[in-house]
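Read through the structure below, which is laid out as structure tokens, and then see the notes.
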Amino acid sequence: MKDIDLIHISSGIICPSMKKEIKKICSLLYKEKIFIVSSFDNEGAISYPACLPEVIGVQFSLKCKKINDYIVLNNSNINILGFGGKQLLPWKDGNYKNVSGSSFASPYITIKILDLLNLNYQFEDIFKQLKKDAINIMEFEIESIEQNANIDYINDAAIFPLNKETIVLLENKDLLDFNIKYIFDVNNYYNERTVNNKRILGAFKLFNINQISKYNDFDTLIVGHLDKINQIFNYDYTKYLLDYCYVNRKNIYCFDDLKKYNDLVKRNILSGLNVFSSNELYKNFSVIDNNLGSLNVLSIPTVAICGTSPRQGKFTLQLGLRRELKKVGISFHNLEPNHLHIFLDLIKCFHLAMVLT
């Protein structure tokens, strides 16, 4: 069946909509021990099939000064960095042209593999030799985050404290698919004007956080950012609430980073509770670092709501758009700014494209 040893591809696509089909083909070729060398996009996008694990993806780099120089990357979508300088190459109509880019760097890797094949190197040994002959090997780490458990459901929620994030939930409670039962805060933290603002609280009563054990009939505690409160009152409310949720069998959804509470989070999860924090959804794979700044291109039209300060109400505007789009039956998903690092995995978004700045 195997009539060829290597396929060289100096092209690709940046839209991942055909990812499954391309991966299936590349997996079949890989099982047949057929090498696939593919050039990455020159503009800094993650491109297919170059980024697939069954493919040797090559990107040009100025770190490679000679045409046969190359660098191997471990734990990256980019496998090899090749020569990044300009080359005077034959062009159409008998002319020559100075060119550069991944498509002109990757052929040297293909030639290298073909030379090794001609020396009767086996399929697996060629990968080892490529690493051995590289001018450098760049190692990246993938740190597993073991402390995460997603919130599977929320029926009845309690909120703490009354701040920017939780006020947005109250003002847009018609968009929630769960019930807010209680709002807790630190006594006298918010002034009378804010507490008595009917637009914010509506029919809700504000309870002191010290009374939380008294009002215990909810399943999930939603916690806004606590850095400021913890500092003002010189008390670790984050730890207090993680302990409370553990003892009283409550799930917890935090807007804050919980890395410093890793042991407490693991304890809660191992006891069967769900814990969510904004930066602990998936393994901590740094796209910018591991892939040298290359990013995925969205295949779904997206609305980006941008601004430079909290006062501009970016998330409030998102929810306003959500309400209007929902009315006309458009399928979408919206993400609060803290969750943008998981954007590519979760977005199932709009049938329109706008950028609001």
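The values are calculated or read from the model by the stated rules, or taken from the named source; none is laboratory data. Predicted model only: the values in this text are computed from it and were never measured. Quick reminder, even Gly has a Cβ in these numbers, built from the backbone with ideal geometry, and neighbours come from all protein chains shown. In case anyone asks, the SASA skips ligands and DNA or RNA and just uses the protein heavy atoms, side chains included. Shrake-Rupley method; radii C 1.70, N 1.55, O 1.52, S 1.80 Å.
Is it true that Ile46 is crowded, with 21+ Cβ neighbours inside 10 Å and among the β-branched types (Val, Ile, Thr)? Considered against the rule, which asks whether it is crowded, with 21+ Cβ neighbours inside 10 Å and among the β-branched types (Val, Ile, Thr), Ile46 comes out as yes.
Only residues that are part of a loop (DSSP other than H, G, I, E, B) and of a type in the set (S, T, N, Q): list them for the stretch 51-104, please. Across the stretch 51-104, the qualifying residues are Asn68, Asn75, Ser76, Asn77, Asn79, Asn95, Ser100. Residues of the stretch 243-275 being of a type in the set (Ser, Thr, Tyr) and modelled with pLDDT of 95 or more, which ones? If the condition is that a residue be of a type in the set (Ser, Thr, Tyr) and modelled with pLDDT of 95 or more, then Tyr244, Tyr246 are the ones that fit. Within the stretch 172-190, residues that are closer than 17 Å to Tyr153 by Cβ and aromatic (Phe, Trp, Tyr) reach partners that are open to solvent by 60 Å² or more (accessible area, probe 1.4 Å) and at pLDDT 80 or above with beta carbons closer than 9 Å, at six or more positions or on different chains, in the pairs Phe178/Asn155.
Screening Ser100 with (1) farther than 30 Å from Asp125 by Cβ; (2) in contact with a helix residue (DSSP H, G or I) (Cβ under 9 Å, 6 or more places away or on another chain) gives one miss only, at (2). Scanning the stretch 206-252 for residues that are surrounded by 13 or more Cβ atoms within 10 Å (Cβ to Cβ), in a helix (DSSP H, G or I) and among the basic types (Lys, Arg) yields a single hit, Lys239. In the stretch 125-154, of all residues being assigned to a loop (DSSP other than H, G, I, E, B) and either closer than 20 Å to Lys205 by Cβ or open to solvent by less than 40 Å² (accessible area, probe 1.4 Å) (or both), the one that is modelled with the highest pLDDT corresponds to Ala134. Across the stretch 105-115, the number of residues qualifying as farther than 19 Å from Ile78 by Cβ and either among the basic types (Lys, Arg) or not in a helix (DSSP H, G or I) (or both) comes to 0. For the stretch 179-205, the set of residues classified as touching a strand residue (DSSP E or B) at 6+ places or on another chain (Cβ under 6 Å), at pLDDT 80 or above and either closer than 19 Å to Tyr244 by Cα or open to solvent by less than 40 Å² (accessible area, probe 1.4 Å) (or both) consists of Ile180, Lys181, Tyr182, Ile183, Phe184, Asp185, listed by residue number.
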